[in-house]
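Bear in mind that the values in this text are calculations on the coordinates, not laboratory data. Because the structure is predicted, anything quoted here is derived from the model rather than measured. A quick note on method: Cβ atoms are made from the backbone with ideal geometry, for glycine too, and the neighbour counts reach across all protein chains shown.
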Amino acid sequence: MFVNDCIIRDCFRKHYRLYTLGSPPVDSILKAERFYNEEFTEDFVRCLDEPHYGFWRQLLNQFNEIYFKHGQSVERSVSKLLIQGTITLYHIKHLDGQFRGICTPDKSTTLPTLNGTAYKLAPASQLLQSESKYKTFNNKKEADYFLNTLEMDSAQQNALASAMNIEKINTTLHQNTKPNIQLATQRAAIAEALLKQQFVIIASPIKNSPQTNNTANTPVKNTPVTPPS
């Protein structure tokens, strides 16, 4: 359908991707905007910039103008489609500049590689623009275990925390033999943030050179991380 790749912006410069019934499924961690009140929804539609002239009429024609009744505005007809879930909008938050440091895919925070797989942090809304594989965690223990296996140094962990809007720590204070309590606390906060799924850890196999082992090309699936019992 013609709306599959459509990104719409409202008057507050927020970005949305438009889907219809029959569009490819959206990842379950992404939640569509919900609409209930007709007047509010109609005002919201009026605030949206059409990708091109006549877009809403073209959209209504796609549904055989079922809702486009005589005397009813185009915006009211579109608002009814939104309320009934015939069309849905997903907020592409990273395009709004809401995440400092990783507002665009080019600025994703790169993490250490592990077992032939490269990892980077990205806003979950980036999944609306690509079909990336990512790590999933059922609980905080799994997320914390995964972060431990990456064996990040303090600078790498600080960069990860900063990208997720988690407080940075003074790494110069941790070059002694005492238990690294602050780093452990920070890592726990990162694990907690991953469970909220505003951010995802995207995983992709590293391409081999002729000299490397082929096991690095093993596909990465969206499967949970299971720590040892």
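Summary table
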| item | result |
| --- | --- |
| Segment 10-61 - charge dipole about Cα centre, Lys and Arg +1 at Cβ, Asp and Glu -1, debye rounded to 20 | 200 |
| Exposure proxy ranking, count of Cβ atoms within 10 Å, fewest first, for Arg13, Arg46, Arg187, Arg76 | Arg13, Arg46, Arg76, Arg187 |
| Residues Thr185, Thr86 arranged by fewest to most Cβ contacts within 10 Å | Thr185, Thr86 |
| Charge tally in the Cβ shell below 12 Å around Asp49, where Lys, Arg are +1 and Asp, Glu are -1, Asp49 excluded | +2 |
| Fewest-first ranking of Met164, Met152, using other Cβ atoms within 10 Å as the exposure measure | Met152, Met164 |
| Entries of Lys14/Lys80; Lys80/Lys196; Lys80/Lys135; Lys93/Lys135; Lys31/Lys141; Lys31/Lys80 with Cα pairs more than 27 Å apart | Lys80/Lys196; Lys80/Lys135 |
